[in-house]
Protein chains: 6
Amino acid sequence: MDDHPISRFPVPDLADLPDDIADMLRGVQEKVGFIPNIFLTYAYRPVEFRAFIAYHDALLEKQEGLTKAEREMIVVATSSANHCHYCVIAHGAILRIRAKDPLIADQIAINHNRANLSPRHMAMLDYALKVCKASETIDEEDFKGLAEHGFSQDDIWDIGAIAAFFAMGNRIANMTAARPNDEFYGMGRVIQTRD
Amino acid sequence: MDDHPISRFPVPDLADLPDDIADMLRGVQEKVGFIPNIFLTYAYRPVEFRAFIAYHDALLEKQEGLTKAEREMIVVATSSANHCHYCVIAHGAILRIRAKDPLIADQIAINHNRANLSPRHMAMLDYALKVCKASETIDEEDFKGLAEHGFSQDDIWDIGAIAAFFAMGNRIANMTAARPNDEFYGMGRVIQTRD
Amino acid sequence: MDDHPISRFPVPDLADLPDDIADMLRGVQEKVGFIPNIFLTYAYRPVEFRAFIAYHDALLEKQEGLTKAEREMIVVATSSANHCHYCVIAHGAILRIRAKDPLIADQIAINHNRANLSPRHMAMLDYALKVCKASETIDEEDFKGLAEHGFSQDDIWDIGAIAAFFAMGNRIANMTAARPNDEFYGMGRVIQTRD
Amino acid sequence: MDDHPISRFPVPDLADLPDDIADMLRGVQEKVGFIPNIFLTYAYRPVEFRAFIAYHDALLEKQEGLTKAEREMIVVATSSANHCHYCVIAHGAILRIRAKDPLIADQIAINHNRANLSPRHMAMLDYALKVCKASETIDEEDFKGLAEHGFSQDDIWDIGAIAAFFAMGNRIANMTAARPNDEFYGMGRVIQTRD
Amino acid sequence: MDDHPISRFPVPDLADLPDDIADMLRGVQEKVGFIPNIFLTYAYRPVEFRAFIAYHDALLEKQEGLTKAEREMIVVATSSANHCHYCVIAHGAILRIRAKDPLIADQIAINHNRANLSPRHMAMLDYALKVCKASETIDEEDFKGLAEHGFSQDDIWDIGAIAAFFAMGNRIANMTAARPNDEFYGMGRVIQTRD
Amino acid sequence: MDDHPISRFPVPDLADLPDDIADMLRGVQEKVGFIPNIFLTYAYRPVEFRAFIAYHDALLEKQEGLTKAEREMIVVATSSANHCHYCVIAHGAILRIRAKDPLIADQIAINHNRANLSPRHMAMLDYALKVCKASETIDEEDFKGLAEHGFSQDDIWDIGAIAAFFAMGNRIANMTAARPNDEFYGMGRVIQTRD
């Protein structure tokens, strides 16, 4: 068991948090079984916490366009490029579950070029990594290439916006040294039989 | 006059926007004289717009701790590292005004090492640029160094959070090719007489 | 299940391999339950295979000095820096087993700075990554620093030699697009009860 | 007002300079209203000063081929890539004046990809930046591409030679910490009415 | 004469080495006139020495496919990219001799793009340097490109394997600060008359 | 013998050059035995040629302060960092002759950290390479460090100015693909007996 602190900054008690945040965290705990440490880390700043969650849900929980698994693929690829311990572990778990694929998260994190991906997904991640690492060089060719793979204008915004949002999230997690919960490492590693 | 489009993505009419956003934009126009193009760019996505503004104001308009000019110094330094056309121009203007210094924004944008800064401000920007460019290497030495310059724990969070937030904002502006309003370029370049 | 080919190059049948290599592979299969794909990839070149195995065992199976878990930590850290899909997955599994720690491999692969490591192990990996990425800048200070952490001259050779050996192995695996066996991903993720 | 020293090295008095240099500087002062600090910085070394000015004028004041504004575009783009405080500020002013465009210098300095440029000018700056940053990779394709945009052999020499000359000038300014005169920051920012 | 030590690590006496290694070194001395220092450096570790030599000879002394001069071109190009003092000097000498060309080694070491090479050899070195510097991005296009230049599957393995092998050898030489014998610098610099 | 063209640009006949340049080149030919190709390359632009030579001689032929060998060490180190084929070969020859050391040029070109240098010369080259590669980060610590090694203010200017001047020269040579004369490769490789 990892006994490093959750964050370099003070971690508030649930009892000291504003009601809306405390309620939300209790809801997560009930549903998932534990409170992801990034929530406790971020709760040090309630106003920022609320904006972060609102933004996060708008991009990651959206029903139209990209699938939820595709959204998590973007998170894992860009978080790995940013060497974000918290996000690769936590979103790696979510990706395994949403994609029902126990191998994909590690493959994307280590080298997306070697991952077992369709050309469409490869193009999606190539663009996401360009937003992550060299957004100043994005040009019309990038947009044309994505359109040729069937991505709509809204999809293209989403790919880029998720990469941009985690450019922020990765830096917050890195500056706070946020520690991922031990539970995430093993989640989704066994394919459930579905009969 | 620059007649490039404001954004690569559709720019909504004020009349088509949700009331709260349209009202906010009209308020800005009244106060500043024009609507910053990034607002129109972002309004393509109302839910993300609201989260962005809430987050932005929490970090940039905060009264305690860092001064507003210091906050804008961080924005300009990191936006320049990300080659973000929109943010360097727009926040350069805001920095000139808030710092009452017509030279500082260009100095920081080109090479903060050569800017006319106190050691305290140099340390602040060095850390902000580390969050911007190599957040995975942040360590306790960074925190100690900032504390020695008199930055509180809350200040340190703010410096890093602003750098992280613009890691996102810069990428959104770069992916949308958001064009800064012509007005920004010249704002704050003449020192007001102070009598 | 991943059904990509094992290697970009032809993969020999066991029946067509020289006896010593075929026997060795059958022995591994019996012991581990499967033949690691890198062996089949490398067996395309029997003479190189034998030299590779002899070198590998001299560095990874050595009894004196560094523990076997320490040796695998070096492999995982440098293989991740080289984005080697095969080696991070396969040696991540071996590291989890040898360190009896289900979390350490992912931590080191993503960002060794955030891993739960002693200062001694941090210094060991810092040096290994210097050999991996900037060996032309190694100097006496590096050797002094390692000695202060208690590493002997022979340990220092071993750390560097393992990093150098996997500089080769990672490139062979990357150029052959060697695919790690699915079994590796999940190995060592559950801590065995020890009563 | 910036009261940093003009240069890290001694700055000679006009009275102590050789006559030809003192006369030249007095001529500039009369014409422009002030002596650009780089001249005083460079005058520490009269022989080098004369060679520098001769070279500079051959490349920047040439009448044939590239326009003077185009030449300054190259200076600003490459000086920004070299983070040269002096040259971006001083030549940014000259570019605004020569191009009669108050926006172009900042656009090119921040990210020439987002500047309001013709494809011809974009190709010109792409090549100049290749000379600036990766001249060892220049090949025949670069020359063909420039020719297709209508650049003559002499133009291509000029683009490259200006980029190369400022590779030197930027480093001299950076090593001397040459401070741009305050006057440069605001020059050319207001479009003159043209009636 | 360079009187730096041969290696940072202890250099064994021939008398203390296992017979097979001592005999091999005496054979080399007889044939070449001196014992290359890397052999003495490596002999600190007899088991690794034997594996290194076996691997080296399998790749560099092979009769089929690539010529011996081509193999040395790969060594010099990649060793220079790794700033390996020992290997550029020693294999530069061997390349001059095997290619019967006194200029080629320096050309390849400084900038292979400017070397006097056929398109086939340029493609060979481009691929070798990709294995050296960015093996994680190798893809099918690389293999197709090499095939178009007439390289067989076995040749492609050899090019990559030599680059990979010297990724190891360069790091061993750099970490030991192995000093090349003075004799190597001048070898092969005079073209022998061929009558 | 290398039969590539001397330059990508037209190379003028001596007969067509202005008298002062033609005379100078004839003088060099008489003294050295051949005309260095860079002179013929540069003579395409007589005005730039004269400025280049004046600047070059001011920095490289200066009698006070740094020795001529030290000046050439700076040229070789920075030209190698810029992968300048012409300058490493030509100035490597001059360095061997001026330093009366047949090994030093190759050592510095490949990895100055491994060259047989005094701490003073190591500090000199470290600073020169900082001017070459990261001049925007030069600070007072650099100047103090050089002073501690006994370098005067004028020496420090010279080190930096030579590195800056070859930042230009290397780029001109690279953009023209200037070919070094075959004679340079072997010059100074045999130590003259000194009786």
Loop-resident sites, the stretch F:133-195, for trypsin sites (Lys or Arg not before Pro), counting at most 16 other Cβ within 10 Å (DSSP): F:Arg194
Spatial separation of Cα centroids for the stretch F:108-153 and the stretch E:77-148, in angstrom: 30
Whole-Å distance, taken between Cα centres, linking the stretch C:24-61 and the stretch D:155-179: 55
Alpha carbon convex hull of the stretch E:1-40, volume per residue in cubic angstrom: 76
Degrees between helix B:46-60 axis and first principal axis of chain B (Cα, 0 to 90, nearest 10): 30
Rg over Rh, two decimals, the stretch E:1-106 (C-alpha only, Kirkwood Rh): 0.97
Net charge of neighbours whose Cβ lies under 15 Å from the Cβ of D:Glu64, counting Lys and Arg as +1 and Asp and Glu as -1: -3
3J(HN,Hα) from dihedral phi, the stretch F:79-90, Karplus parametrisation 6.51/-1.76/1.60, rounded to Hz, x for glycine, proline: 5, 5, 4, 8, 6, 8, 3, 4, 6, 5, 5, 5
Global geometry of the stretch F:145-195, whether rounded, prolate or oblate, following the gyration tensor of its Cα atoms and the 1.5 cut on a/c: oblate
Rounded tilt (10° steps) of F:119-134 against the dominant C-alpha axis of chain F: 60
Accessible area that becomes buried as D packs against F, both chains, 1.4 Å probe, Å², nearest 100: 3900
Coil-residue chymotrypsin sites (Phe, Trp or Tyr not before Pro) of the stretch B:28-111, DSSP, other Cβ within 10 Å capped at 12: B:Phe34
Estimated translational D of the stretch E:122-172 in µm²/s (Stokes, Kirkwood radius over Cα pairs; 37 °C; 0.692 mPa s): 298
Virtual spin-label span in nm between F:Gln29 and F:Glu183, 7 Å along Cα→Cβ: 1.1
Exam field: D:Asp126 pseudo-label spacings to other copies (7 Å along Cα-Cβ), nanometres: 1.7, 1.7, 3.9, 4.0, 4.3
Contact order relative to length of chain A, as percent, for alpha carbon pairs under 8 angstrom and 6 or more apart: 32
Share of carbon and sulfur in the accessible heavy-atom surface of the protein assembly as shown [1.4 Å probe, %]: 53
Residues in the stretch B:157-174 that, when all protein chains are in place, have 40 Å² or more less accessible area than the chain alone would give (probe 1.4 Å): B:Trp157, B:Ala164, B:Met168, B:Arg171, B:Asn174
For chain A, Cys with no neighbouring Cys Cβ under 4.7 Å: A:Cys132
The protein assembly as shown shape via C-alpha gyration tensor axes, a/c threshold 1.5: oblate
Given chain D, longest segment not containing exposed loop GluC sites (Glu not before Pro) (DSSP; at most 13 other Cβ within 10 Å): D:65-195
Residue-averaged 222 nm ellipticity for chain E, from DSSP H runs of 4+ at -39500 (n - 2.57), nearest 500: -20500 deg cm²/dmol
Computed E for B:Ala22/A:Glu148 - FRET, C-beta separation, R0 35 angstrom, nearest 0.05: 0.45
Cα centre as origin, Lys/Arg/Asp/Glu Cβ charges: the stretch E:60-143 dipole, Debye: 460
The stretch D:111-195: C-alpha gyration tensor shape, a/c 1.5 cut-off, then a/b vs b/c: oblate
Förster radius 51 Å - calculated FRET efficiency between C:His4 and B:Glu64, Cβ distance, rounded to 0.05: 0.40
C-alpha long axis of helix D:19-32 to longest principal axis of chain D, angle in °: 70
Assigned charges on the beta-carbon of Lys, Arg, Asp, Glu; the protein assembly as shown dipole about Cα centre (debye): 0
Per residue accessible area of chain B, 1.4 Å probe, in Å²: 39
log₁₀ of I(q)/I(0) at q = 0.09, 0.12, 0.19 Å⁻¹ - chain F, Debye sum with one point per alpha carbon: -0.34, -0.61, -1.40
Descending semi-axes in whole angstrom, ellipsoid equivalent of the stretch D:29-75, from the Cα gyration tensor: 22, 14, 9
Delta accessible area of at least 40 Å² on complex formation, residues of the stretch E:109-149, 1.4 Å probe, chain isolated as reference: E:Ile110, E:Asn111, E:Arg114, E:Asn116, E:Ser135, E:Glu136, E:Ile138, E:Phe143
Value of relative contact order over the stretch A:123-177, rounded to a whole percent, pairs C-alpha under 8 Å and six or more apart: 46
Calculated FRET efficiency for the pair A:Asp101/F:Lys133, C-beta based, R₀ 35 Å, to 0.05: 0.20
Net dipole in debye of the stretch B:45-195 [+1 Lys, Arg Cβ; -1 Asp, Glu Cβ; about Cα centre; nearest 20]: 580
Cα lying deepest toward the dipole's positive end in the stretch B:3-104, options B:Ser79, B:Pro46, B:Pro18, charges on Cβ: B:Ser79
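The values are calculated or read from the model by the stated rules, or taken from the named source; none is laboratory data. Since this is a predicted model, take the numbers as computed values, not measurements. Positions of Cβ are backbone-derived with ideal geometry, glycine not excepted, and every protein chain shown enters the neighbour counts. Calculation scope for accessible area: heavy atoms of the full protein, side chains included, ligands and nucleic acids excluded. Shrake-Rupley method; radii C 1.70, N 1.55, O 1.52, S 1.80 Å.
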